[in-house]
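One structure below.
We did not get these values from a lab; they are worked out from the coordinates using the rules stated. Here the structure is a predicted model, which means the values were calculated and not measured. Cβ sites come from the backbone with ideal geometry, for glycine too, and all protein chains shown count toward neighbours.
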Amino acid sequence: MDRIALIHEWFTAIAGSERVVEQVCGLYASAEIYTVFADPASVAQTDWLRGRQIHTSFIQGLPRAAKSYRSYLPLMPLAVEQFDLSAYDLVISSNHAVAKGVLTGPDQLHISYVHSPIRYAWDLQHQYLRESGLDQGAKGWIAKWLLHKMRIWDYRTAAGVDHFVANSAFIARRIRKVYGRNADVIYPPVDVAAFTKHEQKDTYYLAASRLVPYKKMDLIVETFSAMPEQRLLVVGDGPDMAKIRAKAGPNIELLGFQPKAALCDLMQRARAFVFAAEEDFGITPVEAQACGTPVIAFGKGGALETVVPPGRADTPATGLFFDVQTPESLSEAVRQFAAARDRFEPQACRMNAERFSNERFRSEFSAYVAERMARHRAGERESHTAASGAIAAR
């Protein structure tokens with residue numbers, strides 16, 4: 001039986017990338033897990049992690065790592081390089097920062113499932129520096145130098161990956177741009193079964209996300225504040241709450257964090273789900289469609305692959321896009337949706353969401369790994385035969 005190592009950057013909260021790891025763990029029960037940092041409380045509260053052997057890096061023991069593990073990003077390349085994976089036949093990395101940088105040998109197969117290359121070190125660097133207040137000054141220059149060094153390391157370590165798998169065609173293009181490598185696309189798992197279709201819709205629109213700058217929740221609130229005839233409910237909490245509250249008109253309700261059951265109920269009854277971020281994939285628009293709710297989304301990134309706009313032959317529409325992240329563009333999309341909302345059928349939304357189920361991910365990923373492992377074994381045999389023949393001919 002092949003020995004398998006699974007590497008993920010950190011376990012502090014269960015979000016989209018951790019859901020991928022959860023499904024991979026279900027496929028390979030004997031896989032050993034490596035991570036830069038694991039929050040003990042999060043691990044203890046997560047059924048599929050509890051009781052599994054988890055190897056952490058030296059960062060686990062550094063001062064204030066529990067609260068400030070991200071501040072140790074400059075040390076994380078060194079941390080993942082310290083993992084001794086020489087005993088494993090197959091290495092699977094779940095990567096959005098440094099996981100793919102683990103060291104492997106020529107007889108090992110390394111498959112990297114990439115949620116994104118390091119966003120803040122590559123094409124989103126300038127946005128990240130602005131939003132962090134690091135676009136100027138001495139601290140800014142230090143941050144820029146560190147990100148420069150991170151890019152060099154990130155590019156170099158791509159050579160250690162045998163096969164890249166991207167979570168969307170959008171990320172596959174980013175991988176090609178950054179690393180000069182092709183990537184196969186396997187969409188991440190969405191727990192579609194946890195959401196049920198609801199035919200009857202209320203009059204409100206719904207937006208749900210962490211309130212952080214790149215999610216553009218302030219754009220959604222600003223847009224609806226200028227459309228008092230439309231009702232908007234906002235679910236989520238985060239550092240942008242004060243800014244968003246200041247922009248919210250009387251037609252907008254800020255509900256803060258909501259448990260999954262409450263969010264599901266809100267999604268089921270919403271007239272439409274509004275999504276303004278440029279995401280690598282974007283799970284919440286798929287969850288909304290699983291509830292039979294259409295989506296109004298920014299027309300870039302993963303949403304282009306998960307939402308079906310009007311006009312596609314033989315494919316019912318499940319939402320529509322706006323082209324620019326401005327109130328004018330989004331408000332026009334809302335008006336277009338309101339004028340034609342009867343054409344977005346709950347059943348069509350549900351069927352589209354089922355393309356991204358947990359079961360589909362497990363089937364595709366396990367078949368992909370098995371096929372790549374078989375090719376790897378065949379290549380090893382051919383190399384061994386060729387080497388034996390060369391020695392015999394001397």
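Do any of 149/300; 139/300; 177/260; 216/260; 149/243 go past 27 Å between their Cα atoms, and which?
In this structure, 149/300; 139/300; 177/260; 149/243 lie more than 27 Å apart at Cα.
Calculate one ³J(HN,Hα) per residue across segment 238-251 by plugging θ = phi - 60° into the Karplus curve 6.51 cos²θ - 1.76 cosθ + 1.60, and present them in order as whole Hz with x for glycine and proline.
x, x, 8, 4, 4, 5, 6, 4, 5, 8, 6, x, x, 8
Nearest 0.05, what FRET efficiency do residue 156 and residue 371 give at R0 = 25 Å with Cβ-Cβ as r?
0.35
Would you grab the residues whose amide H sits under 5 Å from the one on residue 198? Only those 5+ places off in sequence or on another chain, please, with H modelled 1.01 Å from N.
292
Just to check I understand the Karplus step: with θ = phi - 60° and J = 6.51 cos²θ - 1.76 cosθ + 1.60, what whole-Hz values come out for segment 47-59, glycine and proline as x?
3, 7, 9, 4, x, 8, 6, 10, 8, 10, 8, 5, 5
Counting only DSSP beta bridges with both residues in segment 19-169, what percent are antiparallel, rounded to the nearest 5?
Around 0 percent of the beta bridges assigned by DSSP in segment 19-169 are antiparallel ones.
Using alpha carbons only, how many degrees (0 to 90, rounded to 10) separate the axis of helix 137-157 from the longest principal axis of the chain?
50 degrees
To the nearest 10 degrees, how steep is helix 16-27 against the longest Cα principal axis of the chain, on a 0 to 90 scale?
So the inclination is approximately 50 degrees.
Skipping prolines and chain starts, which residues have an amide H placed within reach, meaning under 5 Å, of the one on residue 231, given they are 5 or more residues away or on another chain?
Residues meeting the criterion, in which the H sits 1.01 Å from N, are 205.
Using only Cα atoms, tell me the angle between helix 327-339 and the longest principal axis of the chain; keep it within 0 to 90° and round to the nearest 10.
Taking Cα atoms only, the helix is inclined about 70 degrees.
Taking the alpha-carbon set of segment 25-145, what are its Rg and Dmax in Å?
Answer for segment 25-145, Rg first and Dmax second: 16.4, 49 Å.
Fewest to most neighbouring Cβ within 10 Å: what's the order for 371, 9?
Final ranking by Cβ density, sparse to dense: 371, 9.
Relative to the present Cα-Cα distance, how much length would full extension add between residue 136 and residue 237 at 0.36 nm per residue of separation?
33.5 nm
Only loop residues by DSSP count here, and only those with at most 15 other Cβ atoms within 10 Å; note down the trypsin sites (Lys or Arg not before Pro) in segment 61-132 that meet that.
Answer in residue order: 64.
What value does the chain have for Rg/Rh, both radii from Cα atoms and Rh as Kirkwood defines it?
Taking Rg over the Kirkwood Rh, I get 1.00.
³J(HN,Hα) across segment 357-370 via Karplus (A = 6.51, B = -1.76, C = 1.60, θ = phi - 60°), whole Hz, x for Gly/Pro?
Coupling constants for segment 357-370: 5, 4, 4, 4, 4, 4, 5, 5, 5, 5, 5, 5, 5, 4 Hz.
Which order do 1, 267 fall in if you start with the one that has the fewest other Cβ atoms within 10 Å?
Exposure proxy ranking, most exposed first: 1, 267.
Provide 225, 93 in ascending order of the number of other Cβ atoms located within 10 Å of each residue's Cβ, fewest first.
225, 93
How fast does segment 192-355 diffuse by Stokes-Einstein, in µm²/s, taking the Kirkwood radius from C-alpha pairs at 20 °C and 1.002 mPa s?
Rounded to a whole number, D works out at 139 µm²/s.
So between residue 28 and residue 260, what do we pick up on full extension, going 0.36 nm a residue minus the alpha carbon distance?
Between residue 28 and residue 260, full extension yields an extra 80.8 nm.
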